[in-house]
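The values are calculated or read from the model by the stated rules, or taken from the named source; none is laboratory data. Given the structure is predicted, the values throughout are model-derived calculations rather than measurements. All Cβ positions, glycine included, derive from the backbone under ideal geometry; neighbour counts span all protein chains shown. In case anyone asks, the SASA skips ligands and DNA or RNA and just uses the protein heavy atoms, side chains included. Shrake-Rupley method; radii C 1.70, N 1.55, O 1.52, S 1.80 Å.
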Amino acid sequence: MLRRPAPLPTALLLTLLALLGLALAGAVSPTAAAAAGPVEDDEADYVLIAGAPGLRWDDIDADRTPNLWKLAERGSIGSLSTRSAHTPTCPADGWLTLGAGNYAERTGVGKEPAEGGAEPEPDSPQLCPKLDVAIERPDAVGAYLPDQETVVEHQRKLQHGTVPGALAESVRCTAAVGPGAAVAAARSFGRVDRYLPALPATDKAQKALTECLLSIVDLGAIDGRTPSQRLRQAAAVDKLLGQVLAARPKNSTLLVAGVADTEASSRLHAVIADGKGWEGGYLTSATTGRAGYLQLVDLAPTALHLLGREIPKRIMVGHAAVLADGRPADLDQATAAGTDADRRAAAARTVSAWFFWLLALVQIGLFTAVVPLLRRSYRHAGPTGPTPPPQRLVSVLEVLLTGASLALPAALIAGVVPWWRFGRRGLIFGLVTAGITLLLTFVTVRLPVYRKRTLGPVGVVAAIAAAVVGIDLLTGARLQLNGVAGYSVLEGTRYAGIGMVGMGVFFAGVLLTAGTLAQLVPHRNRPLLVSAIGAAGVLLVGIPALGADAGGAVALTAGVCLTAALCPGGWLTFKRLALAMAAGVAATVVFALVDVRQPVDQQGSLGRFLTQLSDGTSGPTLNRLLDANRIALVTSPLTVLALVSAVFLWVVLMRPWGGLKRLYGIYPPIRAAVAGIGLASILGGLLGGAALNVTGAAAATAIPVLTLGAMRVLGHAADRTRIAEEAPSPVTVSDDTPEAVSGT
């Protein structure tokens, strides 16, 4: 007779209380872990923004660029992500994004197609096009951009909510020096209030920089193809900056930034803030949530904040910069960190392109190889049946499956080794990751629980996966930052907390660990155990100072509730499903209500979206989310792995000879965990704009060890329960039978 599963109120109450704690933790600003807070008395009489497309920290040197070096010594510094609506952010896009405070695109807009209908080619296949903008001078004071109407109309098609000239429209007067500055300072109808093609002599320059409260200066681009060319261009930029410093008005704040890319690939650029209250420290903002990083869209809100002007939140997506602690006293060391971050991000993006395809191909190959072995592993009770595979072959395949599940945790750990600092970086990363995978696999297979228990591999691998991501979150997510299996600041979508790949690994690790441990406790206590472990995972994902992903927390909550409802075994009744859904919805509502009541600069992603939804400005956010999901769906190898894993799970493992049905029947919490992983990973990917990337990472971690577990239970398929002559209770000969599992 089947046991009636215990009700779930205790477990669901625990989940709700844990999520309430998460909601209260949402009161902490996303930058709380690193930020020292807003600069006191930081308002300035004048704000100057000096931009130099292509300026990176490795261009700045005490000897060749003394003005930049001295400015960085006394000011606040950071690394700038120049994300725009165009990839890469070429100079025209960067200047326009600066003036709009939102993601914009100007490269190629309004240009006549080349002969044959093709788009105009860049100056070099490795470089962005040079800035080419028509500037008319209807009078001796200002200027006019005749193609601004076309540019404005193009931004509407992109549906980011971008309004070119939003920065200039927020102040009474804006002065521009140079063509790039004219693009940033032009109002939405094309007018530039004050314009000079170049900075004049010192006396006239002082007057030019005091005519308006906001001045924007084009220092020139650094786009040399060789190191010597870049050095000469950086020296020219520094010389022009010296003229700006000489003419700089009193009580002014100067922002110097590499406002755009000049290569075919994105890079991190230098940003410096100098003025009252900006002495030392790193720059950060609520947009990035990590010390030392700003986005290009943060510069316009920062300028308005310094001038005491209201920031138009409906059309500007960035936040004003704040100071953060942690900057080394030695400027060489501080700038080296920025250079190292740029190199790591660029190297990780190149390596990840082939790493995930290789991972997908290896796992697909393993899935293909395991099919005939699964068919031969089933041991029939009758006199006939397929010949069992050699035990050595089974052992080898078990080790390979274990290593495949540990590949992503190993790739995260590989970030401890600075592989990006050497030549042949892809090869070194591959060797480091392979070595860590072998080490983790060796330790795993040597554990007694791995060898003696059917669920040993599942539990050990899941615990390792959850521990790697969990410890990384507790220590500042340094392994995921610019990691191959993490996220890149060059993409401008995430700078702190948990990434999409880490989320998939963590979801699989937490829920499979909970399912494995739940098998060891009585049926009545299983939901309580799953809820406790799941609540801890939700806290790690959702707290702004740790995982900083409200959507991921909501997704994991749904997965935990479903797993808790299913883990006692039996059918999923309507009552149990309704209780699980009610708990998940209640926790999400509480979290959302607390988050949305925070100040705008301190809200998480969920709170910001709900705020935008209430004031009717959520359209651009939804469009960006849909575009991100669409791009991820058709370009990511993890999508292929997710789809292949789903087919393998349904067509192979769920067949009578596949073993997974038997595994589910003997171990109901594993079935519950797999269902929870599927729900959480799909929901987390969609809410995070990653489509099936989270599901692919979860599948890469879970499916190989589930296949291993299915192989093991197939090895006991012929075992039968012996009935003792005098004992009324059955005695089992295998730990895989239902009687052994239930302890009866």
**Message:** Applying a 10 Å radius around every beta-carbon, put 481-491, 558-568, 467-477 in order of their mean neighbour count, most first.
**Reply:** 558-568, 481-491, 467-477
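Which order do peptides 195-207, 246-258, 645-657 fall in by mean Cβ count within 10 Å, highest first?
In descending order of packing, they fall as 246-258, 645-657, 195-207.
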**Item:** Karplus-derived HN-Hα couplings along region 542-553 (A = 6.51, B = -1.76, C = 1.60, θ = phi - 60°), whole Hz, x at Gly and Pro
**Value:** x, 5, x, 7, 10, x, 6, 9, 5, x, x, 5
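Between residue 396 and residue 149, what is the FRET efficiency for a Förster distance of 60 Å, r being their Cβ-Cβ separation, to the nearest 0.05? List each step's numbers first, then the result.
Numbers: r = 68 Å, r/R0 = 1.13.
Once the sixth-power term is evaluated, E becomes 0.35.
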**Request:** Starting with the highest mean, order 430-443, 44-57 by the number of other Cβ atoms within 10 Å, averaged over the residues of each peptide.
**Result:** 44-57, 430-443
**Message:** Straight-line reach from residue 313: which lysines fall under 21 Å, measuring Cα to Cα and dropping same-chain residues less than 8 apart?
**Reply:** 157
**Request:** Run the quick spin-label model on residue 130 and residue 329: label points 7 Å from Cα toward the beta carbon, then report their separation in nm to one decimal.
**Result:** 4.6
**Complete:** Counting sequence-distant residues (5 or more places) and residues on other chains, those with an amide H built under 5 Å from that of residue 135 are none
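Where Lys and Arg each count +1 and Asp and Glu each count -1, what net charge lies around residue 155 among other residues with Cβ under 13 Å from its Cβ?
Working: positive: 106, 156, 157; negative: 93, 105, 147, 149, 153.
Surrounding charge for residue 155 is -2.
R0 = 25 Å: FRET efficiency of residue 442 with residue 369, Cβ-based, nearest 0.05? Mind showing how you got there, number by number?
Working: r = 21 Å, r/R0 = 0.85.
That pair, residue 442 with residue 369, gives E of 0.70.
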**Request:** Go through 105, 310, 211 and list them by solvent-accessible area, largest first, probe radius 1.4 Å.
**Result:** 310, 211, 105
**Karplus-derived HN-Hα couplings along region 517-531 (A = 6.51, B = -1.76, C = 1.60, θ = phi - 60°), whole Hz, x at Gly and Pro** = 5, 5, 5, 8, 10, x, 3, 5, 8, 4, x, 5, 5, 4, 5
**Asked** Using a cut-off of 16 Å between alpha-carbon atoms, which lysines can reach residue 239, once sequence neighbours fewer than 8 places away in the same chain are excluded?
**Response** 70
**Message:** Along its three principal axes, how long is region 297-337 when you only count alpha carbons? Whole Å, largest extent first please.
**Reply:** 39, 18, 13
**Request:** Using the Karplus curve 6.51 cos²θ - 1.76 cosθ + 1.60 with θ = phi - 60°, work out ³J(HN,Hα) for each residue of region 217-232 in order, rounded to whole Hz, and write x for Gly and Pro.
**Result:** 10, 8, 7, x, 9, 10, 10, x, 7, 10, x, 5, 5, 5, 4, 5
**Complete:** For residue 307, other-chain or 5+-apart residues with amide H closer than 5 Å (H placed, Pro excluded) are 44
**Asked** Please state the relative contact order of region 287-397 as a whole percent: Cα pairs under 8 Å, 6+ residues apart?
**Response** 15
**Item:** Residues with amide H under 5 Å from that of residue 79, placed H, sequence gap 5 or more
**Value:** 293, 294
**Prompt:** Where in region 686-712 does the label zone of residue 471 land, with the point 7 angstrom along Cα→C-beta and an amide N cut-off under 20 Å?
**Reply:** 701-702
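Roughly how many percent of the accessible protein surface of region 653-713 is carbon and sulfur, given a 1.4 Å probe and a whole-percent answer?
Working: 1000 of 1440 Å².
With neighbouring chains kept in place, the figure for region 653-713 is 69 percent.
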